[in-house]
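The values are calculated or read from the model by the stated rules, or taken from the named source; none is laboratory data. Predicted, not measured: the structure shown is a model, and the values here were computed from it. Glycine also receives a Cβ, built like all others from the backbone with ideal geometry; neighbour counts cover every protein chain displayed. Accessible surface areas use protein heavy atoms only, side chains included; no ligands, DNA or RNA. Shrake-Rupley method; radii C 1.70, N 1.55, O 1.52, S 1.80 Å.
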Amino acid sequence: MSNTKETAIRYLGGESGHRSFFGGTSSKGRTIGLAVFVVGGIVGMALTSSLVVLLIAAGGAAATMLVTARTHRGTILQRRAKRSRWRSRKRLGTDVYTPYDDEEWARLQQLATVGTKPEKAAASRALGQMRANPDGADGMGWLQYAANLPGIAWHAPIGQQPYLSVAFSVSGQLRGMETAQALMRASAGWGRFLARRASPASLISDIQPLTRVLPPDSARQQLWVTNRLETESAEQPWTDAQRESFYAQTRSYDQVIRRASADAMVQRHYVVVSWPLTQQFTDAAAKFGTGRDAWRALMDDEIRATVRGLTDAREGDVVALTAKQTAALILHQQNPSMPIDLVRQVEPTQFGLASHDEFSAHVVESFDPTFVHPGESDENAPAVTWWHRTAAIHGENLAVAGRSPLWSLDLLIGRELTFVRTVSFHLHLIPAGQAKAAARADVVRDMAGVVADQEKGRLVSDDSTTRMSAAQRRAADLSAGSHHHGVSWVGYITISAGSRDELAQASRQLEEACSTGLGIDRLDWQDSFQAAASGSTWPIGRGLRADSASFATRFIGRLAGRSEKEAIS
């Protein structure tokens, strides 16, 4: 194998996370359950010396192993959690989302206070359904949403660290037929972009490459035809033959445009960058002044640096989206009938459409604005309904195999996938020191487990050797002088269709394409909370909760302290 091919191939899959103290990658639920029953059994036997206590502990441990056993449909515990969550959402009414309205909120508040008992119950349920933001973007606001300026979203989701995010539109690294050398340069450029932002001194923590796959917009072609066809005037009225010829030409051009775009899909590429609001961020902002203006000044510097970095990474034309453009993209993802570039009537603070959830779908009911002429009311537009479903791609569900930089190409341009979809990967950057320490610990624990099995004369399981080889590859990639850093990742795919039956068919097509062409053994459908899962493919950096830093990493961070007040940076 040539050096070029060796450099292009990377191994993914085979690992679900770092090893626990006792080795292996068992879920926290299984570890906690086994610990409870084992410790409880020991204490119970010491206090009572009863065989019944021992049997209960053994039965509890066996039940824990059973309900946390992984299958192609998840564990029993996960399935029960989904059903319980769905029942709770239906009972509370949070399976329906209604955009917040001041007048309607005041009316419902009054009705919930002075109405009859049925009216109070209905009003309380309606109040629970009315929210400022859709479930996929809870706690989201704007630090900067002025016109012609990059839109800086401010996120404060419940249970997570607040952060800022900016979406960038890119034309992509590869366009048309490219050589293998161009592919390698593009891959290396993207790797350098990530590595430079993974150092401890960087303010960036997460990066989300996002691709929207949708039918082509023929508006420009139709405008070209309209501008070049001769039109009738009052001074020179047409004859019936001329008028019939005009209509025939119009129909012919329309037919050509429709046939050329039939079953065709185009891609729109974006990169979303997130800055956590940590002490390091506020220290850096203090160099630019005080208050939120200092934050905006720092973010302006960070945005310009990110644009330069993406340009150096060969991402083509790079533009930071305004708040209106970001909101328009989110609205388009909820209602694909709305053009992705329809920005004129968008309000950045109102980017949620009325919707309701089914167990396996996020259903949005809206209208098609392309049928509305300027100045007309939206009430004249035809109603449309879009069904969305989101699935997660975890590393543990990937077959262990060498993959090129184009391994996910079938998701983007697969001929058998003719439905609208969004493909998004969330990357949490980990400094090299922290990633290297975790990789070394994983290698040691995996090797210890393999050696222990060999000494006892037991067959070494495939899972053990797969985990060990994956950890060894990570440790080799992070060796001194490689300039590599660590990353934790997860992928999401949201598919959209016009009906329940079309969504079911699209789901089956996606599962088949992933299992046969991509080596994805299982898609983790985010059922029972599909509305919130839709946000994982919106350009807002949602979908990945990073692993907590180790004690040593936190201690080193404390030792680093804050920057000096007298320092200029």
Task: Highest average packing first - 517-525, 264-272, Cβ atoms within 10 Å - done: 517-525, 264-272
TODO: Grab the other residues whose beta carbon is less than 9 angstrom from that of residue 157, score K and R as +1, D and E as -1, and report the net.
DONE: 0
TODO: Net charge near residue 119: determine it from the other residues with C-beta under 15 Å of the C-beta of residue 119, scoring Lys and Arg +1 and Asp and Glu -1.
DONE: +3
Open item on the list: Could you give the length gained by full extension between residue 509 and residue 409, i.e. 0.36 nm per residue of separation minus their alpha carbon distance, to one decimal place?
Closed with: 34.5 nm
Open item on the list: Whole percent per 5 Å bin, from 0 to the bin with the longest distance: what is P(r) over all C-alpha pairs of the range 380-454?
Closed with: 3, 8, 11, 15, 17, 12, 9, 8, 7, 4, 2, 1, 1, 1, 0
- [ ] In debye, nearest 20, what is the charge dipole magnitude of the chain about its Cα centre with +1 on Lys and Arg Cβ and -1 on Asp and Glu Cβ, if you could check?
- [x] 2300 debye
Open item on the list: Pairs of alpha-carbon atoms within less than 8 angstrom and 6+ residues apart define the contacts here; what relative contact order does the chain have, in percent?
Closed with: 21 percent
- [ ] Calculate how steeply helix 462-477 sits against the longest principal axis of the alpha-carbon atoms of the chain, using the helix alpha-carbon long axis, and give the answer as 0 to 90 degrees to the nearest 10.
- [x] 70 degrees
Open item on the list: Cut-off under 18 Å on the C-alpha distance; same-chain residues fewer than 8 positions from residue 90 excluded. Which aspartates and glutamates are left, in chain and number order?
Closed with: 135, 357, 358, 527
TODO: Order these peptides, 341-351, 504-514, by their mean beta-carbon neighbour count within 10 angstrom, highest first.
DONE: 504-514, 341-351
Task: Selection from 487, 382, 338 lying farthest towards where the dipole of the chain points positive, charges on Cβ - done: 487
Task: Share of Cα-Cα pairs in the chain lying beyond 40 Å, as whole percent - done: 37 percent
Task: Charge dipole of the chain about the Cα centre (unit charges at C-beta), most positive-ward option of 313, 356, 457 - done: 457
Open item on the list: If I model a spin label as a point 7 Å beyond the Cα along the Cα-Cβ vector, how far apart are those points for residue 501 and residue 84 in nm?
Closed with: 3.8 nm
TODO: Could you calculate the FRET efficiency of residue 178 with residue 92 from 1/(1 + (r/R0)^6), where r is the beta carbon distance between them and R0 is 45 Å, rounded to 0.05?
DONE: 0.30
Task: Stokes-Einstein D (µm²/s) once Rh is taken as the Kirkwood radius of the range 286-421 over alpha-carbon pairs, at 25 °C in 0.890 mPa s - done: 129 µm²/s
Open item on the list: Ordering 166, 43 by accessible area with a probe of 1.4 Å, largest first, what comes out?
Closed with: 43, 166
Open item on the list: At a 10 angstrom cut-off on C-beta neighbours, averaged per residue, how do the peptides 444-457, 147-160, 409-422 rank from highest to lowest?
Closed with: 409-422, 147-160, 444-457
TODO: Provide 495, 76 ordered by accessible surface of protein heavy atoms (probe 1.4 Å), highest first.
DONE: 76, 495
Open item on the list: Checking a compactness column here: for the range 84-222, what do you get for Rg(Cα) / (2.2 N^0.38 Å), N being the number of residues?
Closed with: 1.61
Open item on the list: Need the full-extension length gain, residue 235 to residue 480, defined as separation in residues times 0.36 nm minus the C-alpha distance. One decimal, nm.
Closed with: 80.1 nm
TODO: Mind ranking 358, 315 by accessible surface for me, highest first, 1.4 Å probe?
DONE: 358, 315
TODO: Please give the length that would be gained between residue 63 and residue 255 if that part of the chain were fully extended, namely 0.36 nm times their separation in residues minus their C-alpha to C-alpha distance (nm, one decimal).
DONE: 62.8 nm
TODO: With a 1.4 Å probe and every protein chain kept in, tell me what percent of the accessible surface of the range 254-389 is carbon plus sulfur.
DONE: 49 percent
